[in-house]
Each structure stands twice: as structure tokens, then as C-alpha cells.
């Protein structure tokens with residue numbers, strides 16, 4: 001008796017296996033091959049679209065993480081290391097670095113003159129904090145740069161789900177000779193990392209006007225997607241309203257999925273009492289973005 005024909009809608013249980021096979025098959029194809037059947041690439045893309053369930057980062061919530069096998073836990077600040085982080089954050093760097101005094105004056109101006117009822121308003125403050133970090137960490141050999149609105153292409157995860165979207169900020173660290181190349185067209189530069197000779201790392205930052213914790217799943221899926229595309233095992237990032245900051249580290253598992261650990265909220269404070277700590281932690285995050293070992297936090 002011949003087997004029953006199946007519709008695409010009946011393939012849900014096998015969709016992820018099919019998608020992985022399609023990805024492998026398409027990656028191995030030479031798209032310039034003259035013998036390639038006309039329209040094959042387009043047909044493959046259309047078939048993949050029918051099989052996938054695509055979710056943008058902005059729609060990801062805490063229920064999605066277990067579905068793609070990402071576990072979560074807390075990061076605990078080591079009390080004995082707090083003063084060291086604050087010292088790192090408040091250290092003045094000569095030359096072109098934004099000073100702490102000027103940074104506080106600019107923050108005060110933002111508080112007085114910028115509406116932060118939208119995420120666009122919050123980003124004005126985030127820009128200042130990241131600019132202090134970028135200017136303080138850049139040297140004659142290495143540059144730290146800020147890439148706003150960085151697109152991350154859709155990435156396939158178990159369960160025939162793909163995720164993609166735009167992250168509010170990508171902070172990069174790379175040899176200074178590539179800075180103009182990077183800033184001129186970040187998407188092209190970071191899409192072809194082999195063109196950059198020397199160490200290059202990135203951090204993901206998401207802006208959230210209120211309830212900062214609600215943006216953690218979105219940032220985690222962005223980090224997980226970035227890791228999968230660039231074969232990274234670890235990536236650090238932050239979620240921030242500008243005033244409040246949450247730090248997280250994502251660890252990819254070799255068999256798929258992964259784990260994420262995130263901190264409590266740290267606030268700049270009305271008198272900037274929390275600013276040195278936040279800056280010190282950011283300095284560590286940018287300097288050790290793909291390092292699983294922690295200086296200021298513990299997982300237990």
C-alpha cells in the first residue's frame with residue numbers, strides 16, 4: 001500500500017531536521033555554477049520560509065528561552081571586588097577620553113532637558129555612558145567603537161524557529177587601523193570578520209525605557225544568534241534604561257541551546273553614586289566579552 005501523501009503543514013515535527021538539511025545543502029552549493037537549475041535558490045528560500053517560525057527579537061519573552069533550551073541564573077557581585085570596579089570606572093584617562101567631571105555635567109543636562117518617556121530619549125543617556133567607556137578604553141593600537149542599530153540576520157534554532165532583528169548598540173573592540181573601515185559600513189565589516197587581522201570582539205546592548213528586566217530575553221536571543229553566526233561560545237551584554245543597568249553573560253552549549261546569567265539592576269543614582277561601579281563593570285564587559293571567567297561576579 002503506497003504511503004499517504006503529506007502536506008507542508010503536516011511536517012511540523014520534522015521541520016527543524018529539514019531546515020538543518022536545507023541549510024547544509026544550500027551552503028554547499030556553488031551559486032555561480034552554470035549547471036545549477038534556474039530558480040533553485042529562490043525555491044529553496046521559499047521552502048525554508050514555509051517551514052520556519054520566525055520571531056523578531058522585540059517579540060521574545062521569558063517563555064521563549066526554555067523552548068530553545070536556554071537556561072538562566074543569577075550573577076552575584078563579589079562584595080570584595082566592588083571597590084576595585086569603582087576605581088576602574090572612575091580612573092581618569094588623559095588625552096581624548098571623556099572625563100568623569102564632564103560626563104556628570106552632560107548627564108545633568110540630559111536629566112534637565114531630555115524627555116525619557118521613549119526609548120529614543122533613554123538612548124541619549126546611554127550614548128554618554130558608552131562614549132565614556134569607548135574613549136577611556138581606546139589606545140593607540142586598539143579602538144572601542146559604538147555601532148547603533150546593528151542588524152543581526154535571522155538565525156535558526158531548534159524547534160524550527162528562527163530569530164533576528166536589530167540590537168540597539170553593538171560595542172566593538174578591534175585594531176585601530178580598521179576603525180574607518182568599520183564605522184564606514186559596520187554591517188559589511190562585521191559580516192566579513194576574516195578581513196580584519198587581529199583580535200575583534202563585540203558586546204550587545206539593549207535599551208529599555210522602563211521595566212529593564214523585560215528586555216533581558218530579547219537581548220539574550222540576540223546574543224545567542226550572534227554567537228551561533230560567528231561560532232562564539234561566550235558573549236556578554238547589557239540591558240539599560242540609561243539610569244538602570246543589568247549585566248549578563250551568555251554561554252552557548254556545544255549540543256545546542258545554552259545558559260545565561262544576569263545581575264541585579266545597578267543605578268547611576270541622583271548624586272552619581274552608582275556611576276563608577278557601572279563604568280567599571282562596563283570596562284570589564286568590553287575588555288573580556290568572550291571570556292567566561294569573571295572578575296567582579298560569581299555564578300554561585
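Since every read-out is calculated from the coordinates, none of them should be taken as a lab result. Computed from a predicted structure; not experimentally measured. Cβ placement follows ideal geometry from the backbone for every residue including glycine, while neighbour counts extend to all protein chains displayed.
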CD proxy at 222 nm, helix term only [per DSSP H run n ≥ 4: -39500 (n - 2.57); per residue of the chain; nearest 500]:
-11500 deg cm²/dmol
Crossing angle, helix 100-113 versus the chain [Cα axis fit, 0-90 degrees, rounded to tens]
70 degrees
Choice from 79, 241, 135 showing the highest fluctuation, given a GNM over the chain with Cα pairs closer than 10 Å:
79
The FRET efficiency for residue 211 and residue 54, from their Cβ-Cβ distance with R0 = 22 Å and rounded to 0.05, is 0.30
Taking only Cα atoms and a 10 Å spring cutoff, compute GNM fluctuations for the chain and point out the largest among 206, 105, 265.
105
Nearest 10 degrees, 0 to 90: helix 40-51 Cα axis against the chain principal axis
70 degrees
C-alpha long axis of helix 15-28 to longest principal axis of the chain, angle in °:
90 degrees
Taking the DSSP beta bridges in the chain as the whole, what percent of them are antiparallel, to the nearest 5?
70 percent
Using a 10 angstrom cutoff on alpha carbons, build the Gaussian network for the chain and name the most mobile of 174, 36, 235.
36
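Which whole-number percentage describes the relative contact order of the chain, with Cα contacts under 8 Å and a sequence gap of 6 or more? Mind dumping the intermediate values first?
On the way: 499 pairs, mean separation 70.9, N = 300.
Worked out over the chain, it gives 24 percent.
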Could you sort 187-193, 198-204 so that the peptide with the highest average Cβ count within 10 Å comes first and the rest follow in order?
198-204, 187-193
Neighbour counts of other C-beta atoms within 10 Å: give me 227, 122, 238 arranged from fewest to most.
227, 122, 238
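Place the peptides 213-223, 68-78 in order of packing, highest mean first, counting for every residue the other Cβ atoms within 10 Å and averaging per peptide.
Values: 213-223: 23.8, 68-78: 15.8.
With the highest mean Cβ count within 10 Å placed first, the list reads 213-223, 68-78.
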With the label point 7 Å along the Cα-to-beta-carbon line of residue 90 and a cut-off under 20 Å to each amide N, the hits in region 267-289 are 267-285
